[in-house]
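Each remark here refers to the structure printed beneath this line.
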Amino acid sequence: MSVSRLARLIRQSGRIAEPAPPAPTLFAGAEVFGGSVQVRFINAGGCNDCAQEVASAFGPVYDVERYGIRLVASPRHADVLLITGAVTRNMIEPLRRTIDATPTPRFVIAVGDCAITGGVFAEGYGIAGPVSEFVDVDLSVPGNPPAPDLIVEALRRMTGR
Amino acid sequence: MIPAIAIALLQLVLFVFLSPLLIGVMRQVRARLEGRAGSGIWQPWRDVRKLVAKDPVRASDSSWMLAAGPVTLLVSSLLLCVLLPLVGTLPLPLVPSDLFVIVSIMLIGVVALALVGLDAGTAFGGMGSSRHMTVAALVEPTLLLAVYALSIPAGTSTLSLIVETRLQNPAVIISPVSLLAMVALAIAIMAETSRLPIDNPSTHLELTMLHEAMVLEASGRDLAWLELGSWLKLAALLGLLSNLILPWGVLTDFSLPGVLVGLGAVTAKILLLGVALSVGEVFLAKVRLFRVPELLAGSFALALLAVTASYLVA
């Protein structure tokens, strides 16, 4: 794309982010983060619908980054782990290791019905169980899949902004 | 001697405050151009404050290097802020801001970061370190040659004296030698500080990472030092570049109004250059890794031309 076309696109689209809803209450214990939260996203075995909602929460429309929340590439950088999907048997060990690799204080958010209860996959032969069976879940976002604004609200409870 | 040390300490304090602000401004400009609201210019400060308070989790196979490397990088970047002519050009009596001293100090930080990447023994860390050293091997000669070309009209390789010469004789700034050297220096600084088009500072894809791949294993306090060290290096090198392009406002004789003007001038210049860089980056894509050497070889050729021209013209 040429520079002039890109410049025109930037001028035409202007601000895409929607106005911010009022800030939710701070999650107890999250005040240590002081308004800065790095998130590591883990798909423990979902069907990628929750992953898409998480992606749009970090996109320009919902723009969760404006509240001081950033997606990072390593659990070592993370304060919050965002887990979607029922845990498959092959993901039990990687999930536990990811939790161990995350420095404390850390919080775990389970996103979607599959992560909370197992959902439609609960009886599947490859499914080991919901996330809470393997790690301590601090916050749950129900929905199948949850709308991005619910995910945004859960993440905003971590920064309090 | 006392004023020189005072200015050096002032630069240190200023840059520790200014560098997170610079990153915040650059991220905010980029966010606005992408149609986002942006997290505010103080967000990098909040990030560092939180990271410093967190105890690091280190891999069980890692050595003392994972703890020492980040501090080494931070110290090398802090030394850059002390030595470079940013607020003022008063040379420190014992350690001059000589070209070779500056590049060597920068190289200590580069090697420390590469060792941090290798230390935990992960695949991406090693890959990042190898890429980082490849880029460093191409960048350091360009930095040396570009500043060397600038040093010929000034007759000295001390950076503060080069800046002073350009202040006294502004005609030097728009000479062909200076323009070639500045372009070469700008590309080398982009590569050195891991900006687009050589590296993408906001990537999440391990295969495209250079800088990010090396810090994947660092956490908590270690990560805070690595981040702050890289930010300080970016701010210091942008400060050097802006003082070479626009030397006005820099302090040459110690006086209180002069100090205030110097502080304001360097802050404004760095923030302006940061905004320009950030806007420019929106229009750039990262070049393919195998084309990075071509780009850097191009900048090396420009630096070489600048040196040649400086002998022919001057």
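The values are calculated or read from the model by the stated rules, or taken from the named source; none is laboratory data. No experiment lies behind these values; they were computed from the predicted model shown. Cβ atoms come from the backbone with ideal geometry, glycine included; neighbour counts cover every protein chain shown. Protein only, heavy atoms only, side chains kept; ligands, DNA and RNA dropped before computing areas. Shrake-Rupley method; radii C 1.70, N 1.55, O 1.52, S 1.80 Å.
Here is how the numbers come out for the structure above:
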item	result
Once the Cα gyration tensor of the protein assembly as shown is diagonalised, semi-axes √(5λ) in Å	44, 22, 21
Whole-Å semi-axes of the ellipsoid equivalent to region B:2-313 (Cα gyration tensor, √5λ, descending)	30, 23, 19
Using distinct alpha-carbon pairs, which all enter the 1/r mean, Kirkwood radius of region A:21-159 in Å	14.8 Å
Interface B:A - total buried accessible surface [probe 1.4 Å, Å², rounded to 100]	2600 Å²
Per-pair calculated FRET efficiency, R0 = 41 Å: A:THR25 and B:LEU284 via Cβ, rounded to 0.05	0.50
Span-rule helices in chain B, defined as complete DSSP H runs reaching 15 Å or more along the axis (Cα) with Kyte mean at least 1.0	B:2-33, B:65-83, B:99-119, B:123-154, B:176-192, B:256-282, B:292-313
Heavy-atom accessible surface of chain B: percent carbon and sulfur, 1.4 Å	73 percent
FRET E, pair B:GLU294, B:ALA123, Förster distance 30 Å, beta-carbon r, rounded to 0.05	0.70
Built amide H within the under 5 Å cut-off of B:ASP98, gap 5+	B:LEU159
Residues in region B:12-39 that, when all protein chains are in place, have 40 Å² or more less accessible area than the chain alone would give (probe 1.4 Å)	B:LEU33, B:GLY35, B:ARG36, B:ALA37, B:SER39
Using a Förster distance of 51 Å, the FRET efficiency for A:SER4-A:GLU93 (Cβ separation, nearest 0.05)	0.45
Charge context of A:PRO21, other residues only, Cβ under 15 angstrom, K/R +1, D/E -1	0
Accessible area in square angstrom per residue, region B:2-313, 1.4 angstrom probe	39 Å²
Karplus-derived HN-Hα couplings along region A:59-69 (A = 6.51, B = -1.76, C = 1.60, θ = phi - 60°), whole Hz, x at Gly and Pro	x, x, 6, 7, 6, 5, 5, 5, 8, x, 10
Set of lysines with alpha-carbon distance to B:LYS269 below 24 Å, sequence-local pairs under 8 removed	B:LYS233
DSSP beta bridges in the protein assembly as shown [antiparallel fraction, %, rounded to 5]	15 percent
Within chain A, percent of DSSP bridges classed antiparallel, to nearest 5	10 percent
3J(HN,Hα) from dihedral phi, region A:99-115, Karplus parametrisation 6.51/-1.76/1.60, rounded to Hz, x for glycine, proline	4, 5, 7, 8, x, 8, x, 9, 10, 10, 10, 9, 10, x, 4, 4, 5
Sulfur and carbon atoms: percent of accessible area, region A:105-161 [1.4 Å]	50 percent
Two-decimal log10 I(q)/I(0) for region B:1-147, as the Debye equation yields it once each C-alpha is a single scatterer, q = 0.11, 0.13, 0.15, 0.21 Å⁻¹	-0.58, -0.81, -1.05, -1.27
